Amino acid sequence: MILINHIRQIVCISDSYQSFKIGTDMSNLHIIEDGAIIIQGERIYELGSSNDILSHYSPDNFTEIYDASDMCLIPGLVDAHTHVVFSGDRVHEFAMKLEGKSYMEIQAAGGGITFTTSHVRESSEEELYNLLIPRLDRMLAFGTTLAEAKSGYGLELDSEVKMLKVIKKANEEHTIDLVATYLPGHAVNPGKTAQEMVDDIVNHQIPVIKQLKDNGEINPEMIDVFCEKNVYEIEETKAILEAGKRIGLEANFHGEEIEYLESGVLAASVKARAMSHLENLSEQAIPLMAEAGVIGVLLPTTQYLLHLKTPPARSMIANGVPVAIGTDFNPNMWCLSMPLAMHMACVNYRLSMAEALVASTLNAAASMGRSQEYGSIEPRKYADLVFIKAERWEHLIYQMADPPIAAVWKKGKIVIDKYDRFRLK
Ligand SMILES: N=CN[C@@H](CCC(=O)O)C(=O)O
Ligand SMILES: [Zn+2]
């Protein structure tokens, strides 16, 4: 067993194995001052105040002992929304956006998702994998230990499957755990109608996805659609999500990003696990989402880049929608840092730092069906831990672009240690 002792603050998030947090409970972080934690194998064994833990154990009980008296501890961060597998950058489009072109204008002219899709179709599985790994390394250095990862730049069966295989392999081989989302409805291929795409996805792609999943070749757990005006609108989105649900994939989709379509009501009616973006979410949809337990995933980086409306985050929290945060890392929005996304959610959406942390740990884990094992510091959960070298944990968010992350532990092992000096035994 391993003991980490005299931690200034252990920010547990929950002490009752909650699946997610809502409302004022998002401000309740269950902080233990001068805490100690015991790790056994991959998991947390026990935690409490240092006094309590030290009175029950002797140093002989431990193979390793660490002193963390100048650090705070939070659960590993969880990134609820990424498009981390792709080839080709879009820096030229960033310049176009600065000149005033909108996201949809660039997409309509064959750029955007269509541009990235043509690159991904040309890339081998190995090329995509080799591009992915350094991105995951960077995410880990920013404290992310679990992330959602979407396909969505294949937009035909073979290339979607290729992306899902890359995600599966990276999940097996990289330290970060990935939950795969199959995103067949990310854009409409040039020369096709949305309805033709839906027919292909529902009748041709989804049965093969099921077969490959059953054989263990790919492992998507969720299905996603970009529900947007002139992309996949409500009925088309619904058809894809329901076909995915029939093969056991949970709905976790893009909605209400650029134009209002009432996708929040759709999310509630199909009992989606989560919906991301939400900039145009209506007040009427909020209680329905709360009632259906749909997690609202905020993506403050993209909203900032594209000058989108501010999502009604405060109203979502006040009305009981569980709120999560993601980086939305993708070739449109290049951000691998959850602390930066959290900072933006605090400043631009007026989340408190406590709410942002819950949204980036327990609630983000819930958005991918993982909150029983990840997202809080509680006995039996994975020992995915982030140490912050500061007097209070809030420095993680306050120090914005350069968060003082001293060490990251993944499943009971140190995987990042910037100071290499807190081990005593
Ligand atoms: N809005 C749709 N999908 C992505 C962007 C993907 C891309 O532009 O490549 C998003 O969540 O922001
Ligand atoms: Zn996205």
Original post:
If you go through the range 366-380 one residue at a time, do you hit one that is buried (at least 22 other Cβ atoms within 10 Å of the Cβ), farther than 21 Å from Ala406 by Cβ, hydrophobic (A, V, I, L, M, F, W, C) and out of contact with any Asp or Glu (no Cβ under 8 Å at 6 or more places or on another chain)?
Top reply: yes
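Yes/no matrix, rows are residues, columns are (1) more than 28 Å from Met400 (Cβ to Cβ); (2) of a type in the set (D, E, K, R); (3) within 15 Å of ligand 2 (Cβ to nearest atom); (4) touching a Cys at 6+ places or on another chain (Cβ under 7 Å):
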{"residue": "Gly143", "(1), (2), (3), (4)": "no, no, no, no"}
{"residue": "Asp158", "(1), (2), (3), (4)": "yes, yes, no, no"}
{"residue": "Val161", "(1), (2), (3), (4)": "yes, no, no, no"}
{"residue": "Asp199", "(1), (2), (3), (4)": "yes, yes, no, no"}
{"residue": "Asn219", "(1), (2), (3), (4)": "yes, no, no, no"}
**OP:** Working only within the range 295-320, note down all residues that are assigned to a helix (DSSP H, G or I) and within 13 Å of Met344 (Cβ to Cβ).
**Re:** Pro300, Thr301, Thr302, Gln303, Tyr304, Leu305, Ala313
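What helices (runs of 4 or more DSSP H), lying completely within the range 38-117, carry at least 3 residues that are in contact (Cβ under 8 Å) with a residue 24 or more places away in the chain?
Once the helices (runs of 4 or more DSSP H) in the range 38-117 are filtered for at least 3 residues that are in contact (Cβ under 8 Å) with a residue 24 or more places away in the chain, what remains is 50-56, 103-108.
Taking the range 399-425 only, how many residues are in contact with a helix residue (DSSP H, G or I) (Cβ under 8 Å, 6 or more places away or on another chain) and either at pLDDT 95 or above or of a type in the set (A, V, I, L, M) (or both)?
Total meeting the criteria: 10.
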Subject >> Test for Ala318: is it away from ligand 2 (no atom under 15 Å from the Cβ), farther than 16 Å from Val265 by Cβ and of a type in the set (A, V, I, L, M, F, W, C) >> reply: yes
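Would you check if Phe62 is surrounded by 17 or more Cβ atoms within 10 Å (Cβ to Cβ) and at pLDDT 95 or above?
Values: surrounded by 17 or more Cβ atoms within 10 Å (Cβ to Cβ): yes; at pLDDT 95 or above: yes.
Answer is yes for this residue.
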**OP:** Could you run through the range 146-200 and say how many residues are among the hydroxyl-bearing types (Ser, Thr, Tyr) and either modelled with pLDDT under 95 or closer than 18 Å to Ser123 by Cα (or both)?
**Re:** 3
Original post:
Which one is farthest from Ile32 (Cα to Cα), of the residues in the range 390-425 that are open to solvent by less than 60 Å² (accessible area, probe 1.4 Å) and of a type in the set (D, E, K, R)?
Top reply: Asp417
**OP:** Go through the residues of the range 265-288 one by one and say whether even a single one is modelled with pLDDT of 95 or more, under 21 Å from Ala359 (Cβ atoms), among the β-branched types (Val, Ile, Thr) and in contact with a helix residue (DSSP H, G or I) (Cβ under 7 Å, 6 or more places away or on another chain).
**Re:** yes
Original post:
Based on what the data block shows, is Pro339 more than 30 Å from Gly100 (Cβ to Cβ) and either surrounded by fewer than 24 Cβ atoms within 10 Å (Cβ to Cβ) or within 13 Å of the chain's Cα centre (by Cα) (or both)?
Top reply: yes
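For the range 66-110: of the residues being among the polar types (S, T, N, Q) and touching a strand residue (DSSP E or B) at 6+ places or on another chain (Cβ under 6 Å), which is farthest from Cys12 (Cα to Cα)? Quick ask: steps written out before the conclusion?
Of all residues in the range 66-110, those among the polar types (S, T, N, Q) come to 69, 82, 87, 102, 107.
Pick out the ones that are also touching a strand residue (DSSP E or B) at 6+ places or on another chain (Cβ under 6 Å) and you get 69, 82.
Values: Ser69: 17, Thr82: 25 Å.
Only one residue fits best here, namely Thr82.
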**OP:** Give me a count of the residues in the range 168-186 that are part of a helix (DSSP H, G or I) and open to solvent by less than 70 Å² (accessible area, probe 1.4 Å).
**Re:** 3
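The values are calculated or read from the model by the stated rules, or taken from the named source; none is laboratory data. Source: prediction; values computed, not measured. Every residue, glycine among them, receives a Cβ derived from its backbone with ideal geometry; neighbour counts consider all protein chains shown. Protein only, heavy atoms only, side chains kept; ligands, DNA and RNA dropped before computing areas. Shrake-Rupley method; radii C 1.70, N 1.55, O 1.52, S 1.80 Å.
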